[in-house]
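The block underneath contains the structure these notes are about, expressed in structure tokens.
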Protein chains: 2
Amino acid sequence: MNAPAQTTAPIRGCPSTMGDERQLNTTTLIRHAARTHPEQEIVYRTPDGGWARYTYADCYERVCRGANALRAIGVQPGDRVGVLDWNSRRHFELYWAIPGLGAVMLQMNLRLGAEDLGYVAGHSQARYVLVDESLLPVAEAIAAHVPGVQGWIVMSDKPLAQIQTTLAPLLHYEDLLAQAPAAMDWPEIDERSAYSACYTTGTTGRPKGVYYSHRAIYLHSTTMATNLGMTLDDCCMPITPMFHGQSWGLPQAATLLANKIVLPGRYQAEDTAPLTDAMIAEGVTVTNGAPAIFQPMLQYIETLPVKPDFRRLRMLSGATEPPLSMMRGFYELTGAEVVQAYGATETTPLVTVSRLKPTLRQKLSAEERWNLKRKQGLVVTGVDIRLLGQDGQELPHDGQSAGEICLRGPWISARYHDAADNDGRFVDGWWRSGDVGTLDADGYLKVTDRIKDVIKSGGEWISSIDMENLLMGHPAVRDAAVIGIPHAKWQERPLALVVLRPGHAATQEELHAHLGSAFAKWQLPDQVLFVEAIPKTSVGKNDKKRMRAEHAQRYAG
Amino acid sequence: MNAPAQTTAPIRGCPSTMGDERQLNTTTLIRHAARTHPEQEIVYRTPDGGWARYTYADCYERVCRGANALRAIGVQPGDRVGVLDWNSRRHFELYWAIPGLGAVMLQMNLRLGAEDLGYVAGHSQARYVLVDESLLPVAEAIAAHVPGVQGWIVMSDKPLAQIQTTLAPLLHYEDLLAQAPAAMDWPEIDERSAYSACYTTGTTGRPKGVYYSHRAIYLHSTTMATNLGMTLDDCCMPITPMFHGQSWGLPQAATLLANKIVLPGRYQAEDTAPLTDAMIAEGVTVTNGAPAIFQPMLQYIETLPVKPDFRRLRMLSGATEPPLSMMRGFYELTGAEVVQAYGATETTPLVTVSRLKPTLRQKLSAEERWNLKRKQGLVVTGVDIRLLGQDGQELPHDGQSAGEICLRGPWISARYHDAADNDGRFVDGWWRSGDVGTLDADGYLKVTDRIKDVIKSGGEWISSIDMENLLMGHPAVRDAAVIGIPHAKWQERPLALVVLRPGHAATQEELHAHLGSAFAKWQLPDQVLFVEAIPKTSVGKNDKKRMRAEHAQRYAG
């Protein structure tokens, strides 16, 4: 598929006299940081679990060497170059080196299965793949799926001779850098050219390619900085993986402001204490991640004899709604603010950020503020949003009407790359998110469900997510899932699957009574099944597809 | 002159899949503010000196009515529409209504003489001019210069019948709004189309037209917000005139963040007490202006029994270097930070902002920090800067080498509108500012002179501004000017003109000794002339052209 023709032209007769032909290139961001704040630090975790640091000036020199090295081995503008790495400094360097050259950085989600990841590398026609040494087994597992790769570039502190792998031909990142010139004459790239590619698995069928433009990344960075309230004085730790959705754009927004950056390298949810320690030691003020990462951090902080002062810290939280108890816990123990955000691979991704409006500051009680923090927030400048109802009509912003969230804007996807079908997601210039939500009169978005998980009963929608969250608020419940089961009369009816905490007990009647605080009687699940565990997907979400299949006949007859 | 052809195309083979064809329009900013923060306030000063307020929602409705009204009277995309007004709410509405329609807002500098202002209106071929009632005499004085104007639109709270003017045909803004629909279906405009025009008098010959694009204004707004550290919680009072250089872009940056805005209407430097009172009452956190406005504010604050708490306030100061004593005064009395900035009509205008880098926070003593505040600051993200020496070579950033400041970027001028000549200001894709400055290793710019005022002696440059500032620091000196006088051997040599304070005395030797603290012996003025007064231009600057002509023969022979 080709790029769309430029559909507009400047208004005739009175052209602007500005440098409008100068292109928004991501190289501008790292070059600015290195020129104006050369001494600013980038702290990174080493494979042995220690921490090291270098400066934007050091980093930029390696970015230049990296671009020269890739050019020297034949990488051309438009070529796709894969990266398989944690949130490392080398990964950060490649964020600039590959796209700066005009090539396209392929974000390789190491959590995907070998077949899907191989498909992604093959579909994107990656010419080279850069692999962190620790991920060589992942690369080896997909190598057979991507015969077109011309070479694998291992990233390691060890010399090439000590690297054990079946990958061939094998190159060495540090060797390439050492041989390459330290100065780079960057091309000025048309801003509509692809900067990076990220494949989404949120659609039906095979993963689909989202190819971000330089323009989209540049504009998204300014939007993230302004709408999150980031300044020159911030220190950012991107915990969200850099291998998917560019860590929500935080590395680039931080670079725009030449912020001190702390890169956590490889980490696990069970082992977030070193990250928390680094946040304290380095003075991190902006971080991002999922509740699954933040929750163990809070538990670790609870064990600390002296609580850290995180009053400047904003923890951007996405993926799923964070428990209110966790948000309060961070605030009460450290002063940190957990800030909900909403977005998707297709939206670069920031669509909403939950900030308290200055006009609400005086109006809301403390309790009302906490309730507000359960919403996903205000739409950022530049993105258009609308809610579409079941009949395709646009719904009012009344905080009640739930419809599919549709988005458009300069950094919102307009199509999938070279896809046989677009999954019906692009309609009338809008991207259909597949998420259901409400917008209140103050402009706050609340995501209530995935459209495929929403329970359609008697012409009404019941939010499975809201019901799950409320169930998990019951003291006896450890985990819960709510799904819609086909029903002859009502189309669907809810079924709840509940895992009890060890040593606790609850009955269906008790849980019904608990849910009654927020749900009408007709919305309550017809059955509550007590189970050992909730089936999960590879990324840890409730596997509702599987549960729906398993229980499809439960309300039959 | 036509717009340049699009010189680039997306890299082939791998297009982006994003909504790159969606245009950056300024309408996006006001529409976002009105949709997401409809209740946020805009406070404005009324002609009787009182204050009134309305909301973004109210404002946006009037913006829509204004655009519909202008369309109804025949304004077409690309037409120029002049505005002659103070920093009023109607002016703010026109910032969005005129360009949103695809027409071009002509900024009419009411401080220009009738001939120059008439030339500007005529050269731009303004079709309509909107005039605040108080400025009808200014419009009447230029009417003869602009026969092409189809109508004058008076802005007043009085009915049309009570307006006394010779202007014809005369329309009434409030009548037009009342008759126009409140909903507007905004066109999506190619972002390279002109948003507004501002004529610069900083060149030789006639004023020259700078036509800002929608793209330039949008990007400049994001850059101002990020580089000044503005957030959702700011409250902005644009004191810099909105009729020239769009008040340095502050109204648009404030709208991007849906900030509360306080519009000071008509004010005078002698009467800044009401502005200061409003800053206290409304909680202003960002303002802008020249030292000539801030100085009387400080004097007023000195008289207040209770000093205001301005710890959140940043006062963006431009035009000329603010006295250090004034910066310290504000800080010590109120906690406010005076923040120097540098720019020009041709640069939209923000080029540098003087913020303390986080990496310098620990390193510098309090005294060093104050010294640093005398510089104009760090170049903003997205603007390229270089210093050109006398031989056209690029100079190092060592804090010593002084060269002409050259700039380029997406919101830096690339030409003048329909100009017979470009004054030699556009060279190799760079705009030559005509200012001389240095850049230090930390990236801070210091403007040392206008290039035409710099003294060229024996192949070296001597800064006239630095020497004048130091002379005025001498207790006996009330005013001083330093100019270059032709010299047979050294090309030029400095001459100092000095006005002594009443009752004080000084000799050339004493002043030489005083200057010796910062200048080398060869840089000292060959002569110090004690005079009654320094000749000034109409805007109060030293008239160096006249002084150079008067003293041209002083070092001859």
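Listing for the model above:
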| item | result |
| --- | --- |
| Candidate set from the stretch B:297-344 (those that are open to solvent by less than 20 Å² (accessible area, probe 1.4 Å) and in contact (Cβ under 8 Å) with a residue 60 or more places away in the chain); member that is nearest to residue B:282 (Cα to Cα) | B:316 |
| Residue list for the stretch B:415-460, restricted to those being open to solvent by 20 Å² or more (accessible area, probe 1.4 Å), touching a strand residue (DSSP E or B) at 6+ places or on another chain (Cβ under 6 Å) and aromatic (Phe, Trp, Tyr) | B:430 |
| Options A:19, A:113: the member that is more than 21 Å from the chain's Cα centre (by Cα) and not β-branched (Val, Ile, Thr) | A:19 |
| Which numbered condition residue A:240 fails, given (1) in a loop (DSSP other than H, G, I, E, B); (2) within 13 Å of chain B (Cβ to nearest Cβ) | (2) |
| Count - residues of the stretch A:75-92 that are under 12 Å from residue A:176 (Cβ atoms) and away from chain B (no Cβ under 14 Å) | 1 |
| Single match in B:226, B:231, B:222 (criterion: touching a helix residue (DSSP H, G or I) at 6+ places or on another chain (Cβ under 9 Å), within 7 Å of chain A (Cβ to nearest Cβ), under 30 Å from residue B:358 (Cβ atoms) and surrounded by fewer than 22 Cβ atoms within 10 Å (Cβ to Cβ)) | B:231 |
| The stretch A:373-400 - residue that is free of Cβ contacts under 8 Å to residues at least 24 places away in the same chain and of a type in the set (Gly, Ala, Ser) and, of those, least open to solvent (accessible area, probe 1.4 Å) | A:389 |
| Number of positions in the stretch A:139-151 that are open to solvent by less than 20 Å² (accessible area, probe 1.4 Å) and over 19 Å from residue A:116 (Cα atoms) | 1 |
| Some residue of the stretch B:188-209 being surrounded by fewer than 17 Cβ atoms within 10 Å (Cβ to Cβ), within 14 Å of chain A (Cβ to nearest Cβ) and either under 30 Å from residue A:221 (Cα atoms) or within 21 Å of the chain's Cα centre (by Cα) (or both) | yes |
| Verdict on residue B:398 being farther than 26 Å from residue A:56 by Cβ and at pLDDT 95 or above | no |
| Residue satisfying all of: in the stretch A:275-326; of a type in the set (Val, Ile, Thr) and within 22 Å of residue A:47 (Cα to Cα); farthest from the chain's Cα centre (by Cα) among these | A:280 |
| Options B:94, B:130: the member that is open to solvent by less than 10 Å² (accessible area, probe 1.4 Å), part of a helix (DSSP H, G or I) and either touching a Lys or Arg at 6+ places or on another chain (Cβ under 8 Å) or at negative phi (or both) | B:94 |
| Some residue of the stretch B:17-28 being open to solvent by less than 10 Å² (accessible area, probe 1.4 Å), more than 28 Å from residue A:25 (Cβ to Cβ) and either within 14 Å of another protein chain (Cβ to nearest Cβ) or of a type in the set (Gly, Ala, Ser) (or both) | no |
| Within the stretch A:437-534, strands (runs of 3 or more DSSP E) holding 3 or more residues that are not aliphatic (A, V, I, L, M) | A:444-450, A:477-487, A:491-500 |
| Search result, residues across the stretch B:500-523 that are surrounded by 17 or more Cβ atoms within 10 Å (Cβ to Cβ) and either more than 36 Å from the chain's Cα centre (by Cα) or among the charged types (D, E, K, R) (or both) | B:506 |
| Search result, residues across the stretch B:355-372 that are within 24 Å of the chain's Cα centre (by Cα), open to solvent by 30 Å² or more (accessible area, probe 1.4 Å) and closer than 29 Å to residue A:221 by Cβ | B:355, B:356 |
| Residues of the stretch B:535-549 that turn out to be part of a helix (DSSP H, G or I) and either in contact (Cβ under 8 Å) with a residue 40 or more places away in the chain or out of contact with any Pro (no Cβ under 8 Å at 6 or more places or on another chain) (or both), as a count | 5 |
| Which listed residue, of A:161, A:253, A:225, is of a type in the set (A, V, I, L, M), free of Cβ contacts under 8 Å to residues at least 24 places away in the same chain and assigned to a helix (DSSP H, G or I) | A:161 |
| Which numbered condition residue A:56 misses (of (1) in contact with an Asp or Glu (Cβ under 8 Å, 6 or more places away or on another chain); (2) of a type outside the set (A, V, I, L, M, F, W, C); (3) over 23 Å from residue A:196 (Cα atoms)) | (3) |
| Residue count for the stretch A:123-151, restricted to those that are over 19 Å from residue A:87 (Cα atoms) and of a type outside the set (Gly, Ala, Ser) | 11 |
| Search result, residues across the stretch B:366-402 that are assigned to a strand (DSSP E or B), touching a Lys or Arg at 6+ places or on another chain (Cβ under 8 Å) and more than 9 Å from every other protein chain (Cβ to nearest Cβ) | B:377, B:388, B:394 |
| Residue match in the stretch A:103-114 (condition: in contact (Cβ under 8 Å) with a residue 40 or more places away in the chain, crowded, with 23+ Cβ neighbours inside 10 Å and within 19 Å of residue A:188 (Cα to Cα)) | yes |
| Total residues in the stretch A:33-51, condition touching a residue at least 24 places away in the same chain (Cβ under 8 Å), on the phi < 0 side of the Ramachandran plot and open to solvent by 20 Å² or more (accessible area, probe 1.4 Å) | 6 |
| Condition met for residue B:349 (closer than 28 Å to residue B:386 by Cβ and modelled with pLDDT under 95) | no |
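Residues checked against (1) assigned to a helix (DSSP H, G or I); (2) of a type in the set (Phe, Trp, Tyr); (3) under 30 Å from residue A:77 (Cβ atoms):
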residue: B:22; (1), (2), (3): no, no, yes
residue: B:39; (1), (2), (3): no, no, no
residue: B:43; (1), (2), (3): no, no, no
residue: B:52; (1), (2), (3): no, no, no
residue: B:59; (1), (2), (3): yes, no, no
residue: B:78; (1), (2), (3): no, no, no
residue: B:82; (1), (2), (3): no, no, no
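The values are calculated or read from the model by the stated rules, or taken from the named source; none is laboratory data. Small disclaimer: the values here were computed from a predicted structure and weren't measured. Methodologically, a virtual Cβ is constructed for each residue, glycine included, from the backbone with ideal geometry; neighbour enumeration extends over all protein chains shown. Heavy atoms of the whole protein, side chains included, go into the accessibility calculation; ligands, DNA and RNA do not. Shrake-Rupley method; radii C 1.70, N 1.55, O 1.52, S 1.80 Å.
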